[in-house]
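Trainee: There's a structure below that I have some questions on.
Here, each number is a calculation from the coordinates, and none is a lab measurement. Predicted model, so just to flag it, every value in this text is computed and none were measured. All Cβ positions, glycine included, derive from the backbone under ideal geometry; neighbour counts span all protein chains shown.
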Amino acid sequence: MTNNSKVLALKYRPQVPEDLIGQEVVIETILNGIKSKKTPNAYLFTGIRGVGKTTIARIIAKALNCKNGIDNLCKEKFCENCSSIINSNHIDVLEMDAASKTGVDDVRDLIEFSRYGPTSAQYKIFIIDEVHMLSKQAFNALLKTLEEPPNYLKFIFATTEIKKIPVTVVSRCQRYDLSRIKSDQLFDFLKDVAKKEKGLISDEALKLIVKISEGSVRDSLSLLDRGLMSNINGSEFTLENAQKIYGYFDKSFLIELIEYLLKGDEKNVIKNYRKLFDAGIEPKSFLNDFLEVLYYIKNINSIRLEGKIFNLNDGEFKKILEIAEKTDPQEIILFWQFTIKTIDELEIVSNPNLSVEMFLVRLIYLKGYKIKEDINNESLISSIEKETVKIDKTVETVNQIKNVSQEDKIDPKLETNKKKTEISSFRELINLCNERKEMKLKYELETNVNLVSFENFRMEISFNDNLDKDFIKELSHKLFEWTGSRWIITLSQKKGEISTKEKDQINQRQIFEQVKKSDIYKKVLEILPDAELIDVKKIDKESND
């Protein structure tokens, strides 16, 4: 195969330390160790795919065995040893794929082979890729040789799953964690490659490739290869071409959809989503990108638009900023929670597309869902009930399960003229449980109860698998004891409010964000730049006086 016929990922694979991008510190540290003759018995490289693990392993092998020495490593004209290592046919440098040779017998053969010194080089080097695939017995067989190898033997391991490697092995290696390649470095590299390949490609298309590749050089080169091959007629490879080929949609469509969502425009929300679905977007990918835009809307004030981040362009950044200024952060947090739950739902539904459409409709009805600051007001404006499917009365009667035992098993002795306690809201009920030291009931009410309605000695709650089996019976008993009246507690198929604990957490986060934006906090930062807000607590004015 000629060099020109190679795929870009192989054609532009770094052969010398200067060709590496993003891992300069790692390679410099290793070369300094070789120069000072303080090389470890084994190197261990870990990181995501395509960041240079195996490439660096080969460069180390060349640095250790180059005939010109470490101070005069081959740059363009490679010596016999370096050429053989590049072509993977050096007799003293063995590359092994642990994914295909996982057994203890393979490692024993390796150890047996290591007993003989190098034939033509200074070091015998074993490069084991995807080393985490070795079996437990294989790792155990390798331990002793790894800890005390002959002076001429070096191991170089590469893995994407560092947690699967036994600690006993990791502790015997010099470990290097390779980071993802930064966006600006990858962009410049791809632009240079495109220029060398005489391919016309727009900067916006390159930025999209950088985003999709997620910091992997190999992935980015493979995407670039596909893009350049698709435009053999000599025209420029544009962002629109890239979106079609890579199955990626413009984020502006999603931002526009969210804007319609916040306006309550159901028709345009569904219309925009169906356009994206028809273009080939997968429901799960759509929801993940949806989460990404929600994150930007919530945190846009703390994000700087830089050339190093290609997730947003200037127009998208400006549009999100406009949406954020008009949107209550509390709504975005609720949208985030519902999106996470819908991603889980996709695993159990047969048609994920329909599930996403219904998810968008539910969000429209959540618009205006506010948490009241008055702690005594337990009525949340739950528009979500509007989407609940109307159930036939007969079926609804069956689903509204009345716990008969709550009336039959009330102790008659409690029918006394004790002082009655009035409970007018769900929050008052929780506070009463706290006062009467009924911590178990308080926990269930706060954490696992999704309230549907609360009035006139009746309480309706959504069915929740996490509720204690005796919760209704115990609560009914206590309510009769405290109020002198029998309460009817029913389980409903309707979707109730979020739990009190979740509401309190949302409210606390909102207060936290407000305090961080306050003038007092800004003044504190001016005096103490290193100060950090940890918690916010209300102070009772009377007790403070």
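Trainee: What GluC sites (Glu not before Pro) in segment 86-158 are in a loop by DSSP, with at most 14 other Cβ atoms within 10 Å of the Cβ?
Mentor: Answer in residue order: no site qualifies.
Trainee: In a Debye calculation with equal point scatterers on the alpha-carbon sites of segment 35-89 and no solvent, what is log10 I(q)/I(0) at q = 0.15, 0.19 Å⁻¹?
Mentor: -0.48, -0.74
Trainee: If you don't mind, there's one more thing I want to ask. Using θ = phi - 60° and the Karplus curve 6.51 cos²θ - 1.76 cosθ + 1.60, what whole-Hz ³J(HN,Hα) does each residue of segment 48-54 get, with Gly and Pro shown as x?
Mentor: After applying 6.51 cos²θ - 1.76 cosθ + 1.60, I find 5, 5, x, 9, x, 5, 5 Hz.
Trainee: Once you have the alpha carbon radius of gyration of segment 251-366, what is it after dividing by 2.2 N^0.38 Å, with N set to its residue count?
Mentor: Ratio of Rg to 2.2 N^0.38 Å for segment 251-366: 1.04.
Trainee: Take the residue pairs Lys318/Lys523; Lys478/Lys503; Lys198/Lys251; Lys77/Lys124 and return only those whose Cα atoms are more than 31 Å apart.
Mentor: In this structure, not one pair exceeds 31 Å between Cα atoms.
Trainee: Right, next: Where the centroid of each part is defined by its Cα atoms, how far is segment 192-258 from segment 417-469 in Å?
Mentor: Segment 192-258 and segment 417-469 have Cα centres separated by 57 Å.
Trainee: Please rank Ile520, Ile511, Ile127, Ile423, fewest neighbouring Cβ atoms within 10 Å first, as an exposure proxy.
Mentor: Ile520, Ile511, Ile423, Ile127
Trainee: When Phe290, Phe157 are ordered from fewest to most other Cβ atoms inside 10 Å of their Cβ, what list results?
Mentor: Numbers: Phe290 24, Phe157 28.
Exposure proxy ranking, most exposed first: Phe290, Phe157.
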